[in-house]
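K.L.:
Let me give you the structure first, and then I'll get to my questions.
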Amino acid sequence: MNKMILSAALAGLMAAGFGASASADDKMMEGQAKCYGIAKAGQNACANGSVHACKGQAKVDNDGGDFVMASASDCEKQGGSSEPKK
């Protein structure tokens with residue numbers, strides 16, 4: 001009986017922890033959008049698929065096909081674009 005109660009309590013704590021993480025991530029992403037052309041090599045969020053399509057695979061800084069998540073004002077200040085650059 002004690003093992004069952006302990007297991008249920010542990011499962012509840014884990015679920016609460018995962019829920020808190022998701023909420024923090026959602027808040028961090030609010031007001032942000034894809035910003036192409038400002039990602040540093042190896043620090044991109046993703047890409048448009050012309051060369052690669054995965055996080056962290058940017059080979060050069062500021063490739064117009066790679067993006068990071070940024071606010072519109074930060075994107076503009078750094079010379080980025082909401083559309084992939086050719």
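K.L.:
Do you know which residues across the range 35-65 are surrounded by 19 or more Cβ atoms within 10 Å (Cβ to Cβ) and modelled with pLDDT of 90 or more?
P.N.:
Hits for the range 35-65 are C35, Y36, G37, I38, A39.
K.L.:
Going by the conditions given, is S23 modelled with pLDDT under 85 and not aliphatic (A, V, I, L, M)?
P.N.:
yes
K.L.:
Another one. Starting from the range 69-81, keep only residues that are in the same structural domain as Q43 (by TED's automatic domain parsing), then list their pairs with residues that are assigned to a strand (DSSP E or B) and among the polar types (S, T, N, Q) whose Cβ atoms are within a distance under 7 Å, requiring at least 6 positions of separation or different chains.
P.N.:
M69/Q32; A70/Q32; S71/Q32
K.L.:
Sticking with this structure for a sec: Give the number of residues within the range 55-86 that are part of a loop (DSSP other than H, G, I, E, B), more than 16 Å from K40 (Cβ to Cβ) and more than 18 Å from the chain's Cα centre (by Cα). First the steps, then the outcome.
P.N.:
The initial filter retains those residues of the range 55-86 that are part of a loop (DSSP other than H, G, I, E, B), namely 55-65, 78-80, 82-86.
Restricting the remaining residues to those that are more than 16 Å from K40 (Cβ to Cβ) gives 82-84, 86.
Checking which are more than 18 Å from the chain's Cα centre (by Cα) leaves us with 86.
Qualifying residue count for the region: 1.
The values are calculated or read from the model by the stated rules, or taken from the named source; none is laboratory data. Only a predicted model underlies this, so the values are computations on that prediction, with no experimental measurement involved. Glycine also receives a Cβ, built like all others from the backbone with ideal geometry; neighbour counts cover every protein chain displayed.
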